[in-house]
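For reference, the structure discussed in these notes is given below.
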Amino acid sequence: AHEDLARAEKLADLGIVAAGVAHEMNNPLAIIRGNTELLEMYLPEDGDGREEVEVINRQTERMAKIVSNLLTFARQRPMRLEEVAIPRLLDDIIEQAGHQVDLAGIRIERRYPPQLPKISGDPDKLRQVFVNLIVNAVQAMPQGGVLTLTAEPAEEGFCAVSVGDTGGGIPPEHLDKLFTPFFTTKEAGTGLGLSVSYGIVKDHKGTIKPESVPGQGTRFRVLLPVVRKEEE
Ligand code: ADP
């Protein structure tokens, strides 16, 4: 337990440093994004340079995501519980990210029953969990594939929400490291997405579990508590 504490402290320190760096990166990043937006306006419709600006846009988007992950890793705000409709939350994320997913040659399959009980949760935090899972799923399918989003009633008082992909899967020896902060197998990964997600799900008194078949794909199954009747 002593070692756990020392380790937790070290991680917290690391988080503060990371958040400081991330915060410092926010300003230059905003300036780059603002200026590429201007460049995009100045460039002729189908002239030279458009593709390059697109590349800059995509990569700055990616940096913005890393920065935002680092920031949330260190700065946890208290939970604000609401009644959350999971299908709407997922649809919303897809509406924003769907274009990129299409471009990646990925088909999205949604399976939600019409009458799904609402979740007792913090919508912003839950959004972060599912964005992280969806981004990971998309990144696992560089050659395209199927992204499956499922929501269904589960064990007594819970809803199961899962994000599945038809990517390369997770080697069994990685399974118990996935939720450790900074564990990543990606060149530009932070290894924070799943550890942040784990913390958020735990704060909801839920669970998150990976199921993966190497070579076939991965599914993350998240159990979240439904709103109890007397709270409605
Ligand atoms: P990052 O995406 O920055 O690496 P995460 O904490 O989100 O950080 O993920 C940690 C690691 O878990 C990834 O680097 C990858 O090895 C593995 N992983 C997560 N989701 C998937 C998935 N859907 N398919 C295959 N591997 C995954």
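Every number here is computed from the coordinates shown, using simple stated rules; none is lab data. Please read these numbers as outputs of a predicted model, since none were measured by experiment. As a convention, Cβ positions derive from the backbone with ideal geometry for all residues, glycine included, and neighbour counts pool all protein chains shown.
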Which order do the peptides 150-160, 179-189 come out in when sorted by mean C-beta neighbours inside 10 angstrom, highest first? 150-160, 179-189
Quotient of Cα radius of gyration and Kirkwood radius for region 160-203, i.e. Rg/Rh, equals 0.97
Using the Cα atoms as the points, what is the convex hull volume per residue of region 33-151 in Å³? 134
Once Lys and Arg get +1 and Asp and Glu get -1 on their Cβ, which of 191, 206, 226 lies farthest toward the positive end of the dipole of region 161-229? 226
Identify the GluC sites (Glu not before Pro) of region 18-93 meeting these criteria: DSSP loop state and at most 16 other C-beta atoms within 10 Å of the C-beta. 45
State, as an integer percentage, the relative contact order of the chain based on alpha-carbon contacts under 8 Å between residues 6 or more apart. 18
Angle between the Cα long axis of helix 123-139 and the longest principal axis of the chain, 0 to 90 degrees, nearest 10? 60
Taking the Cα atoms only, what angle lies between the long axis of helix 193-203 and the longest principal axis of the chain, rounded to 10 degrees? 30
Under 20 °C and 1.002 mPa s, how fast does region 107-165 diffuse according to Stokes-Einstein, given a Kirkwood radius computed over C-alpha pairs? Answer in µm²/s, whole number. 171
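For the chain, what is the convex hull volume of its Cα atoms per residue in Å³?
Spelled out: Cα convex hull of the chain, divided by residues, is 159 Å³.
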For helix 2-42, what angle does its Cα long axis make with the longest principal axis of the chain, in degrees from 0 to 90 and rounded to 10? 40
